[in-house]
Amino acid sequence: MELTLTERAAGEIKQIIEQQELDVDNVRLRVGVKGGGCSGFSYILDLTENQKDTDELVEQHGVKIICDPKSLLYLGGVTIDFKDELMGRGFVFNNPNASATCGCGSSFSA
């Protein structure tokens, strides 16, 4: 899977897992895309214990990441980072496949 989770984003995910008292051995970060959003597709980030047989699995910085094959078509080369700045705090997707993105950064077109 050509998807990168930065160390800063992984740290935030681990903190969320701890705060929500989730089972660190069984929880996965599901990354995906779905139709919708202001530019055509929107990103999905979800903590889940449900992994499908068709999901790709990688581990980066101690976080188990799963992604379905259809979403991988749009997420190859994507870097997921976490920003904590004066103007906002949250996960940021750097997608080299996106032909356009919206101002909020949570949707794109390909």
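Just so you know, all these numbers are worked out from the coordinates, no wet-lab data involved. On a predicted model such as this, the values are computed, not experimentally measured, just so you know. No Cβ is skipped: glycine too gets one built from the backbone with ideal geometry, and neighbour counts run over all protein chains shown.
Where does the chain land at 222 nm, in deg cm²/dmol rounded to the nearest 500, when only DSSP H runs of n ≥ 4 count, each adding -39500 (n - 2.57), divided by all residues?
On the way: 2 runs with 20 residues, N = 110.
Mean residue ellipticity, 222 nm, calculated: -5500 deg cm²/dmol.
Only Lys, Arg, Asp and Glu count, each charged at its Cβ (+1, +1, -1, -1), so figure out the dipole size of the chain about its Cα centre, rounded to 20 debye.
Its charge dipole is roughly 440 debye.
Counting other C-beta atoms within 10 Å, and keeping those with at most 15, which DSSP coil trypsin sites (Lys or Arg not before Pro) do you find in the stretch 1-95? Walk me through the numbers on the way to the answer.
Details: sites: Arg8, Lys14, Arg28, Arg30, Lys34, Lys52, Lys64, Lys70, Lys83, Arg89; in loops: Lys52.
Within the stretch 1-95, the qualifying trypsin sites (Lys or Arg not before Pro) (loop, at most 15 other Cβ atoms within 10 Å) are Lys52.
Of the residues Leu86, Leu45, Leu22, which exhibits the maximal mean-square fluctuation in a Gaussian network model of the chain defined by a 10 Å Cα contact cut-off?
Leu86
Of all the stretches in the chain, which is the longest one without any exposed loop site, taking GluC sites (Glu not before Pro) in a DSSP loop (any state but H, G, I, E, B) with at most 14 other Cβ atoms within 10 Å?
The longest such stretch corresponds to 50-110.
Anyone know which of Gln60, Gln19, Gln51 comes out most mobile in the 10 Å Cα GNM of the chain?
Most flexible of the set in this elastic network: Gln19.
Given axes a ≥ b ≥ c from the Cα gyration tensor, I'd like to know whether the chain is rounded (a/c under 1.5), prolate (a/b larger than b/c) or oblate.
Oblate shape, in that a/c is at least 1.5 and b/c is the bigger or equal ratio.
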